[in-house]
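A.B. asks: Pasting in a structure now, in structure tokens, and then I'll have a few things to ask.
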Amino acid sequence: MHTIWLDIPLLVGRMKNILVIGATGQIGSELTMELRKRYGNSNVVAGYITGAEPKGELKESGPSAIVDVTDAEIIENVVKEYKIDTIYNLAALLSVVAESKPKLAWKIGIDGLWNVLEVARVYGCAVFTPSSIGSFGIDTPHINTPQDTIQRPRTMYGISKVTTELLSDYYYNKYGVDTRAVRFPGIISNVTPPGGGTTDYAVDIYYSAVKGEPFVCPIGKGTFMDMMYMPDALNAAINLMEADPTKLVHRNAFNITAMSFDPEMIYQSICKHIPDFQMTYKVDPLKQSIANSWPDSMDDSCARKEWGWSPIYDLDSMTNDMLNKLSIKLKK
Ligand code: AKB
């Protein structure tokens with residue numbers, strides 16, 4: 001028997017019963033809550049692994065279930081039990097961690113994806129499995145990186161993301177599974193910290209600024225990467241899954257970006273609010289070499305044209321919101 005959750009679905013769309021795999025991670029924790037707000041609390045299942053149980057509002061507001069992406073039977077049981085029609089598969093190791101655990105990165109990212117796609121094929125689910133700016137490599141044009149271009153990454157994260165795109169397209173073309181995805185840039189957020197990515201510095205810098213601590217930047221001056229504030233990332237993930245499929249020329253995966261900056265620019269943006277904030281550099285060679293292989297700025301015109309992608313936040317409006325939210329959070 002299921003607990004009765006307070007349901008106020010605001011939006012009637014293509015998605016009815018949704019499973020978020022990786023619901024306690026940086027994106028998952030906020031995506032699950034946003035989906036519950038829009039589709040009704042009881043219609044969004046928070047899938048988590050042992051050791052990363054949901055807490056607080058995420059736990060209280062709706063159903064949750066253990067969903068280890070490497071176990072196809074567990075995924076199938078949850079999909080059957082909750083009559084799932086859409087799966088957000090967010091299980092993955094981020095770029096830096098994946099370099100120290102390449103086999104595990106493949107197991108979660110690709111063997112896990114295979115399980116998700118097989119269950120989706122049998123039960124008719126739509127699937128969103130994000131790709132990343134990490135799917136590009138040193139040979140990719142770095143400025144205004146096109147939607148369709150060279151993808152020869154040399155990191156395990158990148159290799160698993162290119163494979164994610166290809167396997168997701170394969171299941172769409174061969175079996176008609178409704179797979180769609182975006183290539184996320186660095187995501188900046190204030191609820192759940194990211195863990196082990198190359199772009200994490202752009203989150204960490206705000207925590208240091210609000211705590212009144214100097215920040216030591218692991219990424220060098222002049223290193224530009226695409227970035228996005230979490231509310232825009234959530235809109236992207238939901239709007240793409242709600243988009244009219246007849247308008248989609250591409251599927252896996254769309255370039256999307258909201259801003260491109262280097263450490264100096266984010267530092268200056270923070271200094272407009274906290275003038276005595278200090279930043280020094282201690283470049284991390286692994287992070288720097290990964291960042292050097294990624295685009296400086298992507299062309300996201302296909303996403304804009306095919307499903308109306310349009311971000312709200314730029315660097316200064318994001319900084320304003322991040323500093324306000326973190327000041328409240330860190331005072332508690
Ligand atoms: C990472 O830095 O690994 C991620 C990403 C850009 O995919 N945030």
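A.B. asks: Checking the condition open to solvent by less than 20 Å² (accessible area, probe 1.4 Å) and either part of a strand (DSSP E or B) or within 14 Å of the ligand (Cβ to nearest atom) (or both), which residue from Val216, Val177, Val162, Val203 passes? Let's see the steps before the verdict.
C.D. replies: Values: Val216 fails: open to solvent by less than 20 Å² (accessible area, probe 1.4 Å); Val177 fails: either part of a strand (DSSP E or B) or within 14 Å of the ligand (Cβ to nearest atom) (or both); Val162 fails: open to solvent by less than 20 Å² (accessible area, probe 1.4 Å).
Within the list Val216, Val177, Val162, Val203, the selection yields Val203.
A.B. asks: If you scan region 263-291, which residues turn out to be within 16 Å of the ligand (Cβ to nearest atom) and either open to solvent by less than 10 Å² (accessible area, probe 1.4 Å) or within 20 Å of Met156 (Cα to Cα) (or both)? First the steps, then the outcome.
C.D. replies: Filtering region 263-291 for residues within 16 Å of the ligand (Cβ to nearest atom) gives 263, 266, 283-291.
Those that are within 16 Å of the ligand (Cβ to nearest atom) and either open to solvent by less than 10 Å² (accessible area, probe 1.4 Å) or within 20 Å of Met156 (Cα to Cα) (or both): Pro263, Ile266, Asp284, Pro285, Leu286, Lys287, Gln288, Ser289, Ile290, Ala291.
A.B. asks: From Leu234, Leu248, grab the single residue that is buried (at least 19 other Cβ atoms within 10 Å of the Cβ) and within 24 Å of Thr164 (Cα to Cα). Can you show your working first?
C.D. replies: On the way: Leu248 fails: buried (at least 19 other Cβ atoms within 10 Å of the Cβ).
None of the other options fit; the residue is Leu234.
A.B. asks: What are the pairs, 6+ residues apart or on separate chains, where a residue within region 101-127 that is of a type in the set (Asp, Glu) has its Cβ under 9 Å from a residue that is open to solvent by 10 Å² or more (accessible area, probe 1.4 Å) and in a helix (DSSP H, G or I)?
C.D. replies: Once the first residue is of a type in the set (Asp, Glu) and sits in region 101-127, its partners that are open to solvent by 10 Å² or more (accessible area, probe 1.4 Å) and in a helix (DSSP H, G or I) give Glu118/Ala72; Glu118/Glu76.
A.B. asks: Being part of a helix (DSSP H, G or I) and either at pLDDT 95 or above or closer than 13 Å to Thr192 by Cβ (or both), is that true of even one residue in region 2-19?
C.D. replies: Going residue by residue through region 2-19, those that are part of a helix (DSSP H, G or I) are none.
Checking region 2-19: not a single residue is part of a helix (DSSP H, G or I) and either at pLDDT 95 or above or closer than 13 Å to Thr192 by Cβ (or both).
A.B. asks: Can you give me the ranges of the strands (runs of 3 or more DSSP E) entirely in region 62-148 with at least 1 residues that are surrounded by fewer than 17 Cβ atoms within 10 Å (Cβ to Cβ) and not aliphatic (A, V, I, L, M)?
C.D. replies: On the way: elements: 64-66, 86-89, 126-128, 143-145.
The qualifying strands (runs of 3 or more DSSP E) are 143-145.
A.B. asks: Here is a further query. Checking Leu167 against (1) away from the ligand (no atom under 15 Å from the Cβ); (2) under 30 Å from Lys325 (Cβ atoms), only one condition comes out false. Which one?
C.D. replies: The one condition Leu167 does not meet is (2).
A.B. asks: Same structure again: Are any residues in region 292-318 more than 16 Å from the ligand (Cβ to nearest atom), touching a residue at least 24 places away in the same chain (Cβ under 8 Å) and open to solvent by 50 Å² or more (accessible area, probe 1.4 Å), and if so, which ones?
C.D. replies: Selection gives Ser301, Gly308, Ile312, Tyr313, Asp314, Asp316.
The values are calculated or read from the model by the stated rules, or taken from the named source; none is laboratory data. None of these values were measured; they are calculated from a predicted model. Backbone-built Cβ (ideal geometry, glycine too); neighbour counts: all protein chains shown. Accessible surface areas use protein heavy atoms only, side chains included; no ligands, DNA or RNA. Shrake-Rupley method; radii C 1.70, N 1.55, O 1.52, S 1.80 Å.
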